[in-house]
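Asks: Sending over a structure as structure tokens; questions will come in a sec.
The values are calculated or read from the model by the stated rules, or taken from the named source; none is laboratory data. This structure is a prediction, so every number in the text was calculated from the model and none was measured. A quick note on method: Cβ atoms are made from the backbone with ideal geometry, for glycine too, and the neighbour counts reach across all protein chains shown. When the accessible area is computed, the model is the full protein with side chains, heavy atoms only, and any ligands, DNA or RNA have been set aside. Shrake-Rupley method; radii C 1.70, N 1.55, O 1.52, S 1.80 Å.
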Amino acid sequence: MIVSDSEENIRRGAELIKRGGLVAFPTETVYGLGGNSLDPVAVAKIFEAKGRPSFDPLITHIADLDGLERVALVKDPLIYRVAEKLWPGALTIIVPRREIIPDLVTSGLDTMAVRMPDHPTARELIRLSTGAVAAPSANPFGYLSPTTAEHVEEALGDRIDLVIDGGLCRVGVESTVLDLTRDIPTVLRPGGISVETLREVLGDVDVLDRTSLTPKAPGQLPMHYSPRKPLHIVDSPKEIPSAAPVRTGYLSFRGEGDLSRFAAVEILSERGDFVEAASRLFAALHRLDAAGIDVIYAQRVPSVGLGAAVMDRIYKASEK
Ligand code: TXA
Ligand code: MG
């Protein structure tokens, strides 16, 4: 059930989380499917609701630095530096965990993922519940991430106790995942904070290359963020066969070229702004997936700033 983000509803959501329930809530990146990170039964329910075949480790969301210190071992001064400069925000850090966090949250690893979201509703919900809320993106396993409450309700509504509506997510792609347990801080997933920004704050930052610019063996591809319809990547609309016997949708970066022949068109940012493009990406893909078309062509976006996160999600959407 979708409810507004009134103080009363946030309290109600917090009570549900305390009692082991599941509450979908807005963050600045995407909607999260939240449960008490300190309660293994609640965490198991998250996996069940998403239909995740494997127990991928989850992000624990906190409201303040006390929350961080309660769940993680914060010895490395780098952690405070990152927290001070980039939190609250679209950055998840991998740090050593404390015993209080159940194995199911971390997949048995001795590290954990932590994030302080930059969204008042999210932080209030976390603060009023248990101070530690485990939340993956609130989509069924493998499907597009949700950037509106309606996306969540359509796909998972019957499996969640409450969906708190905070409108459209401002950032629109998931957080950047930064591993601080390595010698050099390493980006494991590009996201809402660009690598350029991380380098300004931290100096040397490595990026793990998992985004498969090089082909991988079939079956090894990470099936993630995919629309139901096939999606192909092109550099320009000219590459798309004009005699294609199918109804075609086009995801354009800036809206350039002749787009009149497509049955459905989504433009990410006419002014070529990567932040705007990221914020619109998932909603555009959801609309194309719901449009009366058979195939989606998506235009390549330059991998600069948040363009890297957008392109990462477009690659993943193209992998079946
Ligand atoms: O923006 C976001 O990050 C959203 C909102 C709801 O906060 N959440 C999200 O969660 O995208 P999820 O579960 O879809 O992605 C969590 C990512 C996965 O890539 C997972 O592998 C990684 O975090 N992760 C979690 N714990 C980890 C650990 N101990 N070591 C390495 N990676 C970890
Ligand atoms: Mg996800």
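Asks: If you take every DSSP beta bridge whose two residues both sit in the range 2-207, what share of them, in percent to the nearest 5, is antiparallel?
Replies: Here the antiparallel bridges make up roughly 55 percent for the range 2-207.
Asks: Give me the Å³ per residue figure for the convex hull around the C-alpha atoms of the range 135-183.
Replies: 112
Asks: Can you give me the P(r) profile for the range 231-317? Cα pairs, bins 10 angstrom wide beginning at 0, each as a whole percent.
Replies: Bins of 10 Å from zero give 19, 56, 24, 2 percent of pairs.
Asks: Pairing the Cα long axis of helix 307-318 with the longest principal axis of the chain, what angle in degrees results, from 0 to 90 and rounded to the nearest 10?
Replies: 70
Asks: Right, next: Counting each pair of different Cα atoms once, what's the Kirkwood radius of the range 1-149 in Å, rounded to one decimal?
Replies: 15.1
Asks: Now for a separate question. Pop out the carbon and sulfur fraction of the accessible area of the chain as a percent, whole number, probe 1.4 Å.
Replies: 52
Asks: By how many degrees, between 0 and 90 and to the nearest 10, does the Cα long axis of helix 77-86 differ from the longest principal axis of the chain?
Replies: Compared with the principal axis, the helix lies near 50 degrees.
Asks: Let me ask something additional. In degrees, nearest 10, range 0 to 90: what is the angle between the Cα axis of helix 40-50 and the longest Cα principal axis of the chain?
Replies: Relative to the chain, helix 40-50 is tipped by roughly 10 degrees.
Asks: Treat each spin label as a single point 7 Å out from the Cα along the C-beta direction, and report the residue 66 to residue 236 distance in nm.
Replies: About 5.9 nm separates the two model spin labels.
Asks: Given the alpha-carbon gyration tensor of the chain, what are the semi-axes of its equivalent ellipsoid in whole angstrom, ordered largest first, with each equal to the square root of 5 times an eigenvalue?
Replies: For the chain, the semi-axes come out at 33, 23, 17 Å.
Asks: Once you list every other residue whose beta carbon is under 15 Å from the beta carbon of residue 242, what net charge do they have if Lys and Arg are +1 and Asp and Glu are -1?
Replies: Here the charged neighbours net out to +1.
Asks: Given charges of +1 on the Cβ of Lys and Arg and -1 on the Cβ of Asp and Glu, with all other atoms neutral, how large is the dipole of the chain about its Cα centre, in debye to the nearest 20?
Replies: That gives a dipole near 540 debye.
Asks: Quick one: accessible area per residue over the chain, 1.4 Å probe, rounded to a whole number of Å²?
Replies: Heavy-atom accessible area per residue stands at 43 Å².
Asks: Residue 98 to residue 259: extension gain in nm, 0.36 nm per residue of separation minus the Cα-Cα distance?
Replies: 52.6 nm
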